[in-house]
1. Look through region 1-14, keep the residues that are of a type outside the set (Ser, Thr, Tyr) and surrounded by 10 or more Cβ atoms within 10 Å (Cβ to Cβ), and return whichever of them is modelled with the lowest pLDDT.
2. So, residue 278, is that one at pLDDT 95 or above, within 20 Å of the chain's Cα centre (by Cα) and away from the ligand (no atom under 16 Å from the Cβ) or not?
3. For the structure I just gave you, tell me whether residue 552 is closer than 30 Å to residue 394 by Cβ and of a type in the set (Phe, Trp, Tyr).
4. Residue 245 fails exactly one of the following numbered conditions: (1) among the basic types (Lys, Arg); (2) surrounded by fewer than 18 Cβ atoms within 10 Å (Cβ to Cβ); (3) closer than 21 Å to residue 524 by Cβ. What is the number of that condition?
5. Pick out the one residue from 518, 530, 507 that is modelled with pLDDT of 95 or more and more than 9 Å from the ligand (Cβ to nearest atom).
6. Restricting to region 429-461, count the residues that are part of a helix (DSSP H, G or I) and within 16 Å of the ligand (Cβ to nearest atom).
7. Exactly one of these conditions fails for residue 164: (1) within 16 Å of the ligand (Cβ to nearest atom); (2) at pLDDT 90 or above; (3) in contact with a Lys or Arg (Cβ under 9 Å, 6 or more places away or on another chain). Give me its number.
8. Yes or no: residue 533 in the same structural domain as residue 393 (by TED's automatic domain parsing) and in contact with a Cys (Cβ under 9 Å, 6 or more places away or on another chain)?
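The values are calculated or read from the model by the stated rules, or taken from the named source; none is laboratory data. This one's a predicted model, so the numbers in the text were calculated from it and none came from an experiment. For neighbour counting, all protein chains shown are included, and Cβ atoms are generated from backbone atoms with ideal geometry for every residue, glycine included.
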Amino acid sequence: MAIDLTHQLTESSEALTPDEARRIAPYFSNTDRSVVALVNLPEVVKGALFSRYSRSAKGVRRLFLDEFFGKSELAIDRPLEGTDSARILAQTSEARAKAEAFYTRVLSDYGDDSVGELGGAHLAFQEISQIAAKTIEDHRIGLAFLEKSSRYVPFDDKVNGRYRYYRDRTLIGSTYRDRVIQHLDGLFDAYAEMLPRMIAHLQETHPIDEIEFENAITGKIQKFANITDPEFSASASFAYKSAVRAQACDLLRCFLPMATLTNVGVWGNGRALEYLLLHLYADPFEENRILGHAGAHELDAVIGPFIKRADDEKGKRLQEYLQGRRATQRELVKQYLGEVRRAQAASPEPKVTLTRFDADAVDAVVSAILYGATDTPKRDVNARVRELSAAQKTEILRAYVGLRGNRRHKPGRAFEHARYEFDLLINIGEFRDLQRHRLVTPDRQQYTTAHGYDTNDQINAVPEIRDAYNARMECADKLYRELADKYPNQAQYLVPFGYRVRYNIELNLRELYHWCELRTVEQGHPDYRLTSQQMYYAVREAQPELVEGMTFVNLNPNPPMSRLRAEMRSARKKKSGETKS
Ligand SMILES: Cc1cc2nc3c(=O)[nH]c(=O)nc-3n(C[C@H](O)[C@H](O)[C@H](O)COP(=O)(O)OP(=O)(O)OC[C@H]3O[C@@H](n4cnc5c(N)ncnc54)[C@H](O)[C@@H]3O)c2cc1C
């Protein structure tokens, strides 16, 4: 029988009088248990409180009472009656200014850099280009992102008569202005015009009557043509329309240029946000530098002291260092890679190349599996593992992976001891998706038309769409090549998602499981499904025993109407939500 652990919450040994408990109650999720959350406090106070916490024998509530609550400099000196007043207090500039001064002092007295991780903020970057979105999302530790979907949100609308794309000041101010606008408008016009055509094509090739739907209530599966229940018929028809539209958006996003505007929500801890801002300040793209300043301005009002060092004297020196490193890389390429670049351009390249892996990965993983459960030095475990037969090693791997119920049952950290480097040559659309994996070491080359563009079967199946696509891609190439020498950064805004970009990643085996199993799900985009399947095959070829446990990788070819089942599931979820509420 399952034991209800909520009855076993441990009491805190922090002795508070009833009056003390009443006073601090608005700031803690409880006043008497050993696990407690902080509430209704400015981020800076939370950060300062935790940083003191690390240097004190007191519990967090006692510390708060003794060192924070009564401090006039913090303006947290009276009991609050309700969450509204608490929120008001947290937001008053007086309280914040005092809290910030206090935080700065605590940081200098007790702090190291990790204090900056003890508070955080949500920041929305809206109407930014894909170039900017990818720069922001290139940061990994301490940040979480959510971006507007190019699958569920069509990009064909206009604001004040203009399509939603970034107008770079340099390009718009140059003699290329008209051609740039004509090119970008042309891409959006084509996308808008082809969307209904693609929807019609999908409806024609996958007519609703032929499709089987699962009844959300009864679980019965029926072809649409045979459905008699009006409610089931309505939900099936809704799911079908959503799936067709999502699929059409997926297929046509290759028209969209890197200038396309999007929205990115960021949650981050102070240290990570500070680092993000510092990088934006030092970025070669003007848009990114502007966003760095705008982000700092907004965050200043929320977690000011956490991000101050992004642009102070030390921050500026670090910005220069980053800029210098980039310049050095360019020089080094000129000096050492000139001929290699020319040679490579001549040979055709695959989408996925496994460029490097550890030859002794099996032994490394097997040793790591055994190490934690022994008291033997690693050197001795390694030596013993080397003596085992291949069959014994496979047996150990199998036992460790065990029976995985679903893809969330991930193999343990022992699998982080094997690493793989892939060089991907993928279209920018799929790069945009795959770039979101943070547990990899990523490296990207610039967006260019030099590697050619991808197309897909559905685009090729409709001559009108195919011709429009090829024509637009050729225009993009022509204009990009004309501009690239003079405006190497700005010209990248003109490159459509259909063009290929080179993306290099190094990741460990554990992340490879996550990546391949997540990115091959049937509702995933057909392009990155293929890439992820190829990544799996490449490792299977090299070290089959290490991916034997990757049982949730989906190796089926791209299913037609791949969104349909997912849409049905979400229709069902909505339905059961409605029934419950
Ligand atoms: C079908 C599909 C549709 C999608 N649609 C959208 C969309 O519309 N908009 C959008 O923005 N994104 C979308 N995504 C991207 C998705 O939100 C993830 O960003 C992406 O899949 C990377 O996955 P991950 O975060 O699990 O992986 P990784 O970043 O590779 O991380 C691996 C694992 O490490 C852990 N982890 C990593 N970082 C953190 C952290 N900061 N905090 C806690 N745990 C962490 C998690 O367990 C995570 O699963 C979509 C993805 C798929 C597959």
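1. Checking each candidate, the answer is 9.
2. The answer is yes for residue 278.
3. yes
4. (2)
5. 530
6. 6
7. Residue 164 satisfies every listed condition except (1).
8. yes
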